[in-house]
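So the structure is just underneath, and the comments pick up after that.
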Amino acid sequence: MTVSDPTELPDPWHALHELLAAMDAEIEQVYTEHGIQGVRPRFAYPLIRLAHTGPLTIRELAESLNRSHSAISQTVAAMRKEGLVSSEPGPDARTRRIALTEYGRSLVPFLEAEWRATHATVAELDRETPYAMTAVVADVRRALARRPMRRRVLDHLIEPPQ
């Protein structure tokens, strides 16, 4: 039986996306409980990095975090809106350097403590579950190294008739 609308089938990614979103929401709750408003978990990595490096261009920040330029650009825009970072002219007319504001800098000690606590929590969860998250990620990466996602999708792709 073929389903005409493939989106009617259960989404195999949904549970993973839902789990990650729920974990991020709980970390954000920790921020709120500590009187920190407007900070999302995805801000912690770039804010901590900027505290240790000083101002960086978006490209430099993205490279240092191993994230895409687009993702960091969006994150920086959201952080700027919350008053966590500012931008100043960069080395040439096309670039801007991103720097912590006083407010952003004041949050870094807490964000570093939360970062360490989150890492300890992941290690704890890895010990409590029969399939450690970090091991699953490593196993999936090894499987994809043997046969990449692109190849796997192409092997299952059935082109629609012309």
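A dipole drawn for the chain from +1 and -1 charges on Cβ atoms has a positive end, and of P46, L157, A62 the residue lying farthest that way is A62. Other residues whose C-beta falls under 12 angstrom from the C-beta of E18 contribute a net charge of -2, scoring Lys and Arg +1 and Asp and Glu -1.
Taking the Kirkwood radius as Rh and the Cα radius of gyration as Rg, segment 108-162 has a ratio of Rg/Rh equal to 1.29.
Our helix-only sum for the chain, with -39,500 (n - 2.57) per DSSP H run of n ≥ 4 divided by its residues, gives a mean residue ellipticity at 222 nm of -20500 deg cm²/dmol.
A 1.4 Å probe run over the chain, with the rest of the protein chains in place, finds 73 Å² accessible per residue. Between the helical axis of 133-146 and the longest alpha-carbon principal axis of the chain there is an angle of about 60 degrees.
For the chain, the longest principal axis of the alpha carbon atoms and the long axis of helix 69-81 meet at an angle near 50°. Other residues lying with their Cβ under 13 Å from the Cβ of A132 contribute a combined charge of -3, Lys and Arg counting +1, Asp and Glu -1. Quick one: length gained pulling R146 to N66 fully straight, 0.36 nm per residue minus the C-alpha distance? Length gained between R146 and N66: 26.5 nm.
The base-10 log of I(q)/I(0) for the chain, evaluated at q = 0.14, 0.16, 0.18 Å⁻¹, reads -0.92, -1.06, -1.18 [Debye formula, identical scatterers on Cα atoms, solvent excluded].
When +1 charges are put on Lys and Arg Cβ atoms and -1 charges on Asp and Glu Cβ atoms, the dipole computed for segment 5-162 relative to its Cα centre reaches about 840 debye. For segment 112-155, the dipole from Cβ point charges (+1 on Lys and Arg, -1 on Asp and Glu) about the Cα centre works out to 580 debye, to the nearest 20. Peptides 143-155, 53-65 ranked from most to least packed give 53-65, 143-155, packing being the mean of other C-beta atoms within 10 angstrom over each peptide's residues. For the peptides 30-39, 100-109, the ranking by packing is 100-109, 30-39, with the highest mean count of neighbouring Cβ atoms within 10 Å listed first.
The values are calculated or read from the model by the stated rules, or taken from the named source; none is laboratory data. Not measured: the values here are computed from a predicted model. Cβ sites come from the backbone with ideal geometry, for glycine too, and all protein chains shown count toward neighbours. Heavy atoms of the whole protein, side chains included, go into the accessibility calculation; ligands, DNA and RNA do not. Shrake-Rupley method; radii C 1.70, N 1.55, O 1.52, S 1.80 Å.
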